[in-house]
Structures are given as structure tokens and as C-alpha cells.
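Take a look at the structure set out below.
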Amino acid sequence: MTILVTGPVRDAAVQLSISPAAVRRLCARPTEPELIELHTAWCVAGGFASDTTVVDRAEVLGRVSMALGPLLDLTGEQLAGWLSRDGWSAQTKATYHGHLSGFYRWCVDTGRLDVSPIARLRKPRVPKRLPRPVARDVFRRIEAEATGRWLLVALLAAYAGLRCCEIARLHREDITDEVITVVGKGGKMATVPTHVKIWEAVWDLPPGLLMTRPRAGGQCTPEDISRGFAKYLRRELGIEGVTAHMLRHRFGTSVYQQTRDLLVASRLLRHASVATTQGYAEVEDDAPRAAIGRLAI
């Protein structure tokens with residue numbers, strides 16, 4: 001396609017040959033917030049979890065835009081520099097790389113860019129994750145001293161293995177004396193048997209969301225629950241460095257130690273792969289020695 005661009009000197013007309021995709025980009029370029037909103041709407045339409053993955057991606061894209069400039073103008077070197085900063089774990093860098101890769105693939109697919117600037121940047125390798133269950137004595141203290149909504153979060157994480165995103169979506173109607181119906185990652189539905197301690201905590205609660213924002217009202221985000229729980233433990237109980245996800249690790253570890261069945265633990269944790277469950281099920285320190293002691297060949 002050929003278009004005419006009027007030059008500033010003597011109104012000279014300069015002819016440029018550009019592609020139709022470039023014409024579209026020149027004629028209608030959204031603002032940064034609009035671009036991010038268009039992308040996240042596309043993600044939601046494609047089945048991404050709107051209250052976790054999509055929110056996280058929008059937040060990462062906004063941070064990159066603020067730090068480096070317009071997203072459509074960035075180079076691979078700029079993005080590599082942003083991802084290589086100190087202080088981030090390999091898991092964090094891999095997560096951010098995934099968000100950026102997904103965004104730039106979309107830009108190419110929708111004609112906003114011809115090539116993804118991050119396409120040749122290898123995803124950071126993430127070391128195998130070790131189980132990090134909260135210590136039993138620490139959990140016993142949380143169970144004995146926590147109150148209200150944060151006690152409920154502790155019970156749902158430790159006795160049902162629920163993630164913060166699942167707790168955020170949970171309604172009272174989703175829990176019976178037999179099963180908890182869970183909406184997990186990507187909107188996948190699953191059920192977990194109801195532990196008696198959870199049933200005792202919720203049976204007389206009114207219908208509706210179990211976790212709402214105390215002042216603003218409405219549904220809590222997973223981040224509200226994750227940060228709020230850790231903050232409550234630190235400020236009210238004096239317990240440092242414990243997260244709700246560590247209680248989920250305690251759940252997975254306890255199930256495995258009591259059943260010695262990774263498949264059962266994997267199903268209850270709602271993992272797509274047993275390999276993921278291995279990062280949740282901690283082996284007791286004395287288990288290898290006990291196994292050798294019982295060994296008969």
C-alpha cells in the first residue's frame with residue numbers, strides 16, 4: 001500500500017510504502033491503559049482466570065510500561081534488562097517472562113507488532129521447589145489463637161488445601177457437611193471432602209461470599225487474603241514469615257505422610273501433575289532411616 005505524507009519543507013509530498021498492518025497501527029493506536037485493557041479482555045475471553053492470572057498480567061504490564069515506556073516500542077534488550085534486576089527469585093522472573101511473552105504473542109497475532117521483542121529471550125529456569133509446610137506447632141498455635149475470618153482462612157488452607165484464589169471465590173453454599181465445591185485455576189471445578197473442623201466453623205454462617213472486604217465491601221481478591229493473613233499473623237499473633245500457602249503445603253504434606261500415596265495427595269491438591277505434588281509433600285527427617293531399619297532384601 002502507498003500513502004502520501006506531507007513534508008514540512010515546501011509542502012513536498014513524500015511517498016512511503018508501508019504494510020497494511022503498519023497503517024492500522026498508525027491510524028489507531030490505543031493508549032497504554034487501553035492497550036492493556038484490550039489484552040486482558042482477550043485473556044478473559046480465552047478462559048484465563050479473571051481474578052488471578054489476568055489481574056497479575058495487567059499489573060506486570062503496567063509496571064513495565066511505567067518503568068520503560070510504551071509497550072509497543074520496547075526492545076528485547078530493554079525487556080531483558082528489566083527482567084534481570086537483582087532481588088527477584090527465578091520463579092518471579094519466570095512468571096513475569098510468561099506474562100510478557102503472552103502479551104507480545106497477542107500483539108503479533110492481532111497485527112500490532114510484526115515480531116515479538118521477547119521471542120528470543122529464554123525463559124528463566126526455575127529450581128525444583130522444596131516443600132515448605134508450616135511447622136505443626138506453629139499451626140497448632142494459629143488454630144488455637146486466630147479468630148474470625150482469619151481462622152477460617154487457616155482452616156480452609158490447612159484442612160482442605162485451598163488456595164487464596166479459591167478461598168476468595170468460595171460461598172457458604174459451596175460447603176456441605178460432605179464436600180466443598182471449589183472453583184480452581186482457570187475456572188476448573190472440583191470437590192474436596194469437608195473436614196469436620198471446617199463444617200463446625202461454617203455451618204451457621206449466612207449465604208454468600210465467605211470473604212468480603214471489611215470496609216469497601218465486595219469480593220476479596222486473592223492478594224487481599226494472602227497479604228491480609230500474613231499481616232494478621234505478624235501483628236496480632238507475633239508469627240513471622242508464615243503465609244496461607246504454607247498451610248496448603250502443610251495439608252499436602254500431612255495427606256502424603258498419612259497415606260503414603262502421591263496420587264491421593266495430588267488429587268486433593270488438584271494438581272495437574274504428580275510432579276507438582278512432590279513440591280508439597282515433605283518427607284519427615286527420620287523417614288529414610290526408618291525405611292532402612294525396616295528394609296528386608
Answer yes or no: is there a residue in segment 202-219 that is within 22 Å of residue 255 (Cβ to Cβ), out of contact with any Cys (no Cβ under 7 Å at 6 or more places or on another chain) and surrounded by 16 or more Cβ atoms within 10 Å (Cβ to Cβ). yes
Could you say whether any residue in segment 146-166 is surrounded by 14 or more Cβ atoms within 10 Å (Cβ to Cβ) and of a type in the set (Ser, Thr, Tyr)? yes
Restricting attention to segment 202-222, does a residue exist that is more than 23 Å from the chain's Cα centre (by Cα), part of a helix (DSSP H, G or I) and within 25 Å of residue 266 (Cα to Cα)? no
Within segment 230-239, identify whether any single residue is within 22 Å of residue 54 (Cα to Cα) and surrounded by 20 or more Cβ atoms within 10 Å (Cβ to Cβ), and answer yes or no. no
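Among the residues of segment 117-161, what is the count of those that are touching a residue at least 60 places away in the same chain (Cβ under 8 Å), on the phi < 0 side of the Ramachandran plot, in contact with a Lys or Arg (Cβ under 7 Å, 6 or more places away or on another chain) and not in a helix (DSSP H, G or I)?
Here the count works out to 2.
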Against the conditions (1) closer than 20 Å to residue 55 by Cβ; (2) of a type in the set (Val, Ile, Thr); (3) outside any helix (DSSP H, G or I), where does residue 242 fall short? Just the number, please. (1)
Kindly list the number of the only condition in (1) more than 28 Å from residue 56 (Cβ to Cβ); (2) modelled with pLDDT of 95 or more; (3) touching a helix residue (DSSP H, G or I) at 6+ places or on another chain (Cβ under 7 Å) that fails for residue 256. (2)
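For the condition among the small types (Gly, Ala, Ser), at pLDDT 90 or above and in the same structural domain as residue 103 (by TED's automatic domain parsing), what is the one hit in 65, 50, 84?
65
The values are calculated or read from the model by the stated rules, or taken from the named source; none is laboratory data. This is a predicted model, so every value here is computed, not measured. Note that each Cβ is placed from the backbone with ideal geometry, even for glycine, and that neighbours are counted across all protein chains shown.
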